[in-house]
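Asker: If you scroll down you'll find the structure; I have some questions about it.
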Amino acid sequence: MHATSMSSVGTSETTYRVWMDDPGNFSTQRITPMHHNFHEHPLFQVPELVKLGIELSKTDQCRFMSPDRTVSSSLAHDNRHPDGRSIEEFFQRMEEPGSSVAFYNIEVIPRYQALLMLVVNSMRSLVEREQPHIFRVNGFVFFSAPPSVTPFHIDRENNFWLQLHGHKLLNVWDHRDRSIVPADAVEDFIVTQSLKKVRFDETFLPRGQEFDAHPGDAVYFPSTSPHMTRSLVDRTTAGNRLSISIGVTFYTAVTREVARIHQVNRLMRKCGLSPSYPGESPTADAVKSTVGGVVGAGRARLGAARARFISLTTTRRLKHIPPPGSY
């Protein structure tokens, strides 16, 4: 797909895409190293990304982490910098050791929404041969200067992770490995977004894959794949300390079905049962998916009603509102 304009997706002379060496071997169920050239796109250059961050800060979509966090820390972002500096001051000092900011949901900016769709559309045919109906494409940009980490965690969505500038280490584990994240921890996260049971252990490292990522490197990993990132001092040079990556995430009909199964499994586990994990029993999965759709739709309606009530009666925000289509 070719870009159509500088203001939306790029220049007419360049095709921006994500690709892999052996597309016939792609599976949505496997962690896959890939390539991309989006680091060359005008809208992904540092000055444009700084402009994006300032735009998003006006709607509290820039989140900071404490510089003393480790890969074992809880995944906690705050819309205020730890020392109170403004977003403008952050960008003036963004190469200082430990500096870190994340831009949430950049798709709300139309020119970046078009760019995220370019990323997904370049791989759509391969994804949808296994997982039809891609929807709710989101983008998360991560600025970091070493030493800096993104703690060990899981996400609901499938993820195309692209390194845009600088260097970063990405560790990812198979989403089917229950020795890394147990079944009840996945269920709790899918239904309530709780990561309390998702905990890192150094013994996990040999069981995962580590990617030494530079501009042009990309990795696909499935929904609920445990992962973490690190920006290391010894991998940088003066004037090249800033690391910028982006996660382009998306749901599919399959991620929605699996989330519905997790919803039912969580209820069964609370009743003292030991339900089969999604994929272990197609017959059980079909029944759970149907029941989970009904339960999930009810929870979604209650959540929406509660959010409306709170917005009318108080300025307090809900800590967690499940995203549409997550179950």
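Asker: For Asn79, what charge total do you get from the other residues with a beta carbon under 9 Å from its beta carbon, if Lys and Arg give +1 and Asp and Glu give -1? Spell out each step's value before the answer.
Answerer: Numbers: positive: Arg63, Arg80; negative: Asp60, Asp78.
Neighbourhood net charge equals 0.
Asker: Report the local net charge at Val264: Lys and Arg +1, Asp and Glu -1, summed over other residues whose C-beta lies under 10 Å from its C-beta.
Answerer: Values: positive: Arg260, Arg266, Arg269, Lys288; negative: Glu187, Asp285.
For residues surrounding Val264, the net value is +2.
Asker: Right, another one. How large, in percent, is the carbon and sulfur part of the accessible surface of the range 73-197 at a probe radius of 1.4 Å? Intermediate results must be reported in sequence, preceding the final value.
Answerer: Values: 2280 of 4590 Å².
Roughly 50 percent of what the probe reaches on the range 73-197 is carbon or sulfur.
Asker: Give me the dipole magnitude in Debye, nearest 20, for the chain about the Cα centre, with unit charges on the beta carbon: positive for Lys and Arg, negative for Asp and Glu.
Answerer: Charge dipole of the chain: 1480 debye, to the nearest 20.
Asker: On to the next question. Any chance you could give the angle, 0 to 90 degrees and rounded to 10, that helix 110-121 forms with the longest Cα principal axis of the chain?
Answerer: So the helix axis and the longest Cα principal axis differ by about 60 degrees.
Asker: Can you tell me the accessible area per residue over the chain, all protein chains present, probe 1.4 angstrom, in square angstrom? Walk me through the numbers before you get to the answer.
Answerer: On the way: 15200 Å² over 327 residues.
Averaged over the residues of the chain, the accessible area is 46 Å².
Asker: Rounded, prolate or oblate, given the Cα gyration tensor of the chain, with a/c below 1.5 counting as rounded?
Answerer: Values: a/c = 1.45, a/b = 1.33, b/c = 1.09.
Verdict is rounded for the chain.
Asker: So how far apart, in nm, are the two label points at Asp212 and Asp177 if each is 7 Å from Cα heading toward Cβ?
Answerer: 2.0
Asker: Could you work out the local net charge near Val18, counting Lys and Arg as +1, Asp and Glu as -1, over the other residues with Cβ closer than 15 Å to its Cβ? List each step's numbers first, then the result.
Answerer: Numbers: positive: Arg17, Arg124; negative: Asp21, Asp22, Glu40, Glu128, Asp217.
Residues near Val18 contribute -3 overall.
Asker: Hey, rough spin-label estimate for Glu130 and Arg269, points 7 angstrom out along Cα→Cβ, what's it come to in nanometres?
Answerer: Roughly 2.4 nm, to one decimal.
Asker: In addition: For labels at Ile54 and Ala286 in the simple 7 Å Cα→Cβ model, what's the distance in nm?
Answerer: Inter-label distance under the simple model: 5.8 nm.
Asker: If you don't mind, another one. Please determine, in degrees from 0 to 90 and to the nearest 10, the orientation of helix 183-192 with respect to the longest principal axis defined by the Cα atoms of the chain, where the helix direction is its Cα long axis.
Answerer: 70
Asker: Quick one: length gained pulling Leu205 to Ser66 fully straight, 0.36 nm per residue minus the C-alpha distance?
Answerer: Details: separation 139, 0.36 × 139 = 50.04 nm, distance 2.37 nm.
Between Leu205 and Ser66, full extension yields 47.7 nm more.
Asker: Ranking request for peptides 284-292, 251-259: highest mean number of other beta-carbon atoms within 10 Å first, then the rest in descending order.
Answerer: On the way: 284-292: 17.4, 251-259: 22.1.
Most protected by this proxy first, the peptides run 251-259, 284-292.
Asker: Using alpha carbons only, how many degrees (0 to 90, rounded to 10) separate the axis of helix 46-57 from the longest principal axis of the chain?
Answerer: Result, in degrees: 50.
The values are calculated or read from the model by the stated rules, or taken from the named source; none is laboratory data. These figures come from a predicted structure and were not determined experimentally. Note: ideal-geometry Cβ built from the backbone for every residue, glycine included; neighbour counts use all protein chains shown. The area values use the complete protein model at the heavy-atom level, side chains included, leaving out ligands, DNA and RNA. Shrake-Rupley method; radii C 1.70, N 1.55, O 1.52, S 1.80 Å.
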